[in-house]
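> To start, I am sharing the structure in question, which I have written as structure tokens.
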Amino acid sequence: MLRLRTSTFPARLSCRAKTTVGAIDIFPSLEDLLKELGAACPDRPRTLLMLHGVRFAPNLGAALRALHLLGGSAAVCFGGVASMPSRSAQGASPLQEALRISMAERHGWPIRLAALHRDEALAAVRCCNAFGIRTVCFENDTAGLRAPPTALENAALDAPGLALVFGSEDEGVPYEVAEACDDLVAIATVSRGSLNVSHAAAIAMYERGRQLRMKRASGSSQH
């Protein structure tokens, strides 16, 4: 079972050094995380899962599990579970609980996670652009934004570096963050309502992996 002591975990996310617990690396800044991942290229794609304001540990835990199993590189959490304190002096924080639920420690999965303040999301999108990583915001309701979203089945998710941006189910992605992303994508549902964020992330991650596999297969068949 994963046990993170408060002495080794940045309670207010103010620590400026990477924290490593088992196979899990927690970064204090997106820049540090991206530098460790290295540059994305066709032979070594990089996929970030960016989650804004997710407030329930089971949702974050399930999303982290999907991230690893579907080939993602790292997660970036803005506020929500990532910044909630422990409910008691001896109890686990919501982030610790999310990491336990992800099963990463049990299976030794190498999870990389940047835990940031919710107000850092816009700067993070711009940071990704500076590192050559395209940003794709997943939102079905984009009224007032620059353009309607592209349906997932028509979206291009095969760039070497890609960040998939999701918000909480009740609030979604903040307007200014969605507007700053390179693309807007929607996952169609058969009735009104929103998918659980971990389910939506898994669907997007799978489609990203499928497109990358098709691109590699197409490239190898031309040689």
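The values are calculated or read from the model by the stated rules, or taken from the named source; none is laboratory data. Computed from a predicted model, the values in this text were never measured in an experiment. Neighbour counts run over all protein chains shown; Cβ positions are idealised from the backbone, glycine included. Remember, those area values only see protein heavy atoms, side chains included, never the ligands or the DNA or RNA. Shrake-Rupley method; radii C 1.70, N 1.55, O 1.52, S 1.80 Å.
> Quick check on the chain: helices-only [θ] at 222 nm, where DSSP H runs of length 4 and up contribute -39,500 (n - 2.57) each and the sum goes over total residues. Nearest 500, please.
Calculated from helices alone, the mean residue ellipticity at 222 nm is -10000 deg cm²/dmol.
> Turning to a different aspect of this structure: Mind checking the alpha-carbon convex hull of region 45-105 and giving the volume per residue in Å³?
Looking at region 45-105, the number lands at 69 Å³ per residue.
> First select every other residue whose beta carbon is under 14 angstrom from the beta carbon of residue 209; then total the charges, Lys and Arg +1, Asp and Glu -1.
With Lys, Arg at +1 and Asp, Glu at -1, the neighbours total +4.
> Cα extents of region 89-178 along the three principal axes, largest first, in whole Å?
The Cα atoms of region 89-178 stretch 48, 29, 27 Å along their principal axes.
> Can you give me the % of accessible surface on the chain that is carbon or sulfur? Probe 1.4 Å, all protein chains present, nothing else counted.
Its accessible area is 51 percent carbon and sulfur atoms.
> Give me the net charge of residue 112's neighbourhood, meaning all other residues with Cβ under 12 Å from the Cβ of residue 112; Lys, Arg count +1, Asp, Glu -1.
Net charge around residue 112: 0.
> Report, to two decimal places, the Cα Rg of region 160-201 normalised by 2.2 N^0.38 Å (N = number of residues).
Scaled against compact globular proteins, the figure is 1.23.
> Near the amide H of residue 29, under 5 Å away, which other amide H atoms are found, from residues 5 or more places off or on another chain, if H is placed in the peptide plane?
none
> Related question: Compactness ratio of region 68-223: Cα Rg over 2.2 N^0.38 Å, N = residue count?
This ratio for region 68-223 stands at 1.12.
> Continuing with the same structure: Any chance you could check the Cα centroid distance between region 154-223 and region 107-122 for me, in angstrom?
First find each Cα centre; the distance between them is then 18 Å.
> For helix 57-69, report the angle its Cα long axis makes with the longest principal axis of the Cα atoms of the chain; keep it between 0 and 90° and round to the nearest 10°.
Tilt of helix 57-69: around 50 degrees.
> Return the sequence-ordered ³J(HN,Hα) values of region 99-110 in whole Hz as given by the Karplus equation 6.51 cos²θ - 1.76 cosθ + 1.60 applied to θ = phi - 60°, using x for Gly and Pro.
Residue by residue, region 99-110 yields 5, 5, 5, 5, 6, 5, 5, 4, 9, x, 6, x Hz.
> Report the label-to-label distance for residue 17 and residue 123 in nanometres (one decimal), using points 7 Å from each Cα along the Cα→Cβ vector.
Once both label points are built, they end up 2.2 nm from each other.
> Additional query: Accessible area per residue, 1.4 Å probe, Å², for region 33-150: what's the number?
Spelled out: the 1.4 Å probe surface of region 33-150, per residue, equals 46 Å².
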